[in-house]
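The values are calculated or read from the model by the stated rules, or taken from the named source; none is laboratory data. A quick note: this is a predicted structure, and the numbers were derived from the prediction, not measured. Glycine gets a Cβ as well: all are built from the backbone with ideal geometry, and neighbour counts include every protein chain shown.
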Amino acid sequence: MGRHCGYLALVSALACGADWVFLPESPPEEDWEENICVKLSENRAQKKRLNIIIVAEGAIDYQNKPITSEKIKDLVVKQLGFDTRVTILGHVQRGGTPSAFDRILASRLGVEAVIALLEATPETPACVVSLSGNHALRLPLVECVQMTQDVQKAMDERRFKDAVQLRGRSFQSNLNIYKRLSVKIPESQIVKSNCNVCIINVGAPAAGMNAAVRSAVRMGIADGHRMLAIYDGFDGFSKGQIKEINWSDVGGWTGQGGSILGTKRILPGKYLEEIAVQMRAHNINAVLIIGGFEAYLGLLEMSAAREQHEEFCVPMIMVPATVSNNVPGTDFSIGADTALNTITQTCDRLKQSASGTKRRVFIIETMGGYCGYLANMGGLAAGADAAYIFEEPFDIRDLQSNVEHLTEKMKTTIQRGLVLRNENCSENYTTDFICQLYSEEGKGVFDCRKNVLGHMQQGGAPSPFDRNFGTKLSARAMQWITSKLKESHGTGKKFVTDNSVCVLGISKRNLIFQPVADLRKDTDFKHRIPKEQWWLKLRPVMKILAKYKASYDVSDSGQLEHVQSRSHDETVGI
Ligand SMILES: *[C@@H]1O[C@H](CO)[C@@H](O)[C@H](O)[C@H]1NC(C)=O
Ligand SMILES: *[C@@H]1O[C@H](CO)[C@@H](O)[C@H](O)[C@H]1NC(C)=O
Ligand SMILES: *[C@@H]1O[C@H](CO)[C@@H](O)[C@H](O)[C@H]1NC(C)=O
């Protein structure tokens with residue numbers, strides 16, 4: 001679907017690693033019929049038994065003639081004789097239960113819209129509220145409509161470069177990354193850098209880690225590096241579990257959950273000597289770490305050890321990947337979206353279970369250590385009555401008022417109550433305690449059941465968001481590595497400054513590289529959380545939606561901006 005907009009086709013192609021995608025904004029080159037056949041038969045020759053071709057509803061060729069799925073099928077069958085099936089998705093794309101991302105997005109935009117209305121004066125132009133990266137924006141409606149019409153005009157006039165540009169930075173970068181990752185550049189055309197770049201997964205597994213590894217490997221190879229995979233985290237690193245990894249080794253990794261390379265929580269601290277030996281033995285010129293809080297700590301330890309071990313004086317970068325979303329320096333980490341979806345779906349099921357019977361309250365314990373992100377955002381997405389988190393201390397009086405509030409609500413037509421609790425929100429008000437309290441106080445009105453979600457929150461196939469977020473963050477990290485390596489090329493210069501050890505993250509509207517040393521001051525090491533967390537300001541939204549009186553801070557809500565200003569963003573939203 002999507003009429004003349006190729007967004008859905010492009011983003012799905014990126015998320016499932018499709019072999020080919022046809023878009024209205026970027027028609028294939030003149031001889032595409034020959035090219036697609038060559039590509040498909042090359043893939044078969046490498047024993048790949050399945051090819052996916054995605055066709056946008058409005059796909060056209062350079063002559064603005066439609067390219068339909070039937071036409072492609074006929075071509076493939078006639079030229080190659082492959083068994084080919086056409087699936088037209090149609091309206092299934094409109095239906096279904098909303099993902100956690102969509103629910104939270106809708107809630108945030110709804111709040112923005114109300115604030116925009118309250119702030120409007122007779123002179124305010126009609127506007128569209130939107131989110132750019134993680135930042136709310138208001139854009140003039142007239143300009144947005146104009147922009148959409150300009151895209152169509154550009155396509156009609158066959159100015160396809162302009163059409164892609166007018167769709168925005170994020171569309172452009174999706175398209176570039178898709179092209180880089182789907183087409184292997186012939187060996188002869190790659191300019192060798194003579195650099196070895198290693199990739200390592202650290203910490204607990206998170207959905208999307210494999211997509212990040214795939215993207216890094218392919219980007220790195222295209223940039224001329226030799227890519228080395230390190231198996232089993234820092235433990236494997238110290239023992240020399242290091243192997244070269246090639247383009248085709250990572251085929252099909254995008255959609256797989258967990259960590260194929262293997263990941264461990266062990267920190268490098270005790271093994272620095274052994275790791276340095278391995279770095280020297282394999283002549284490693286740059287390090288890419290994909291992982292959560294342990295990865296962050298590990299990076300700090302390695303950067304602190306640069307004086308003792310000059311092997312660590314190479315560019316090192318971390319891409320945050322953890323379900324807990326507790327890495328300093330970024331608003332989001334890879335894997336958190338998938339975990340939120342799991343939590344939301346489970347809450348939906350619990351709410352629906354035993355429907356038509358008694359009134360019931362569910363107490364649900366989520367993961368995250370001391371970080372309340374999953375409990376809070378899961379609560380917002382599932383429509384919870386309360387979410388207890390460590391970041392917002394609570395006492396017996398809060399619990400009492402919550403119980404009374406819920407009891408009053410359950411005396412009306414409401415049949416199900418939902419209370420989320422982050423695993424380490426309080427030492428003494430445990431999940432058992434809260435369940436017993438609600439049971440006792442709700443006697444005669446509702447009964448109470450508890451559910452500890454546990455490790456199911458770390459599993460599962462990555463959501464489209466996590467696949468693409470992983471792919472894009474990692475591609476960006478690899479670009480950074482390449483540019484750093486170019487800086488020093490041939491000079492044998494050692495990297496000693498703080499800005500050669502970075503955490504890549506998303507903040508408000510932009511992707512940012514922050515020296516890991518600078519993030520120390522923003523970190524609560526005892527509780528393994530960042531000192532400031534942006535999502536805390538969404539707490540009142542959940543409370544207001546649960547019919548509590550709460551006030552929402554409008555100070556950093558969106559301001560009216562012009563559409564053109566968006567083209568300066570380097571956003572990664574899907
Ligand atoms: C990876 O590809 C390069 C270049 O094609 C080749 O020299 C090397 O042997 C391959 N390595 C592995 C482990 O397959
Ligand atoms: C955090 O919560 C988990 C699960 O309830 C528990 O096993 C662990 O001991 C808690 N950690 C701390 C430091 O309270
Ligand atoms: C929990 O209770 C114990 C004593 O029963 C107390 O020592 C501890 O400080 C309490 N924890 C918190 C976080 O208040």
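Structural remarks
- Looking across the range 256-293, the residues that are more than 28 Å from the chain's Cα centre (by Cα) and among the polar types (S, T, N, Q) come down to Gln278, Asn283.
- Failed item in (1) closer than 28 Å to Asp331 by Cβ; (2) buried (at least 16 other Cβ atoms within 10 Å of the Cβ), with Ser439 passing the rest: (1)
- Filter result for the condition that a residue is modelled with pLDDT of 95 or more and acidic (Asp, Glu), over Glu294, Glu307, Glu311: Glu294
- Residues in the range 114-126 include at least one that is touching a residue at least 12 places away in the same chain (Cβ under 8 Å), assigned to a loop (DSSP other than H, G, I, E, B) and of a type in the set (Ser, Thr, Tyr).
- Yes/no for Gly240 being within 16 Å of ligand 1 (Cβ to nearest atom), out of contact with any Cys (no Cβ under 7 Å at 6 or more places or on another chain) and in a loop (DSSP other than H, G, I, E, B): yes
- Close pairs (9 angstrom Cβ cut-off, 6 or more residues apart or separate chains): over 20 Å from Ile343 (Cβ atoms) and touching a residue at least 60 places away in the same chain (Cβ under 8 Å) in the range 419-442, in a loop (DSSP other than H, G, I, E, B) and more than 9 Å from ligand 2 (Cβ to nearest atom) anywhere: Gly442/Arg359
- Residue among Arg103, Arg3 that alone is within 26 Å of Phe465 (Cβ to Cβ) and crowded, with 18+ Cβ neighbours inside 10 Å: Arg103
- In the range 380-423, the residues that are surrounded by fewer than 18 Cβ atoms within 10 Å (Cβ to Cβ), within 15 Å of ligand 3 (Cβ to nearest atom) and outside any helix (DSSP H, G or I): Glu392, Pro393, Phe394, Asp395
- No other residue among Leu131, Leu137, Leu166 is closer than 27 Å to Leu511 by Cα and without any contact (Cβ under 8 Å) to a residue 60 or more places away in the chain apart from Leu166.
- Some residue of the range 353-371 being within 16 Å of ligand 3 (Cβ to nearest atom), part of a loop (DSSP other than H, G, I, E, B) and either without any contact (Cβ under 8 Å) to a residue 24 or more places away in the chain or in contact with a strand residue (DSSP E or B) (Cβ under 9 Å, 6 or more places away or on another chain) (or both): yes
- If you check Ala126, Ala136 for being touching a helix residue (DSSP H, G or I) at 6+ places or on another chain (Cβ under 9 Å) and crowded, with 16+ Cβ neighbours inside 10 Å, only one passes: Ala136.
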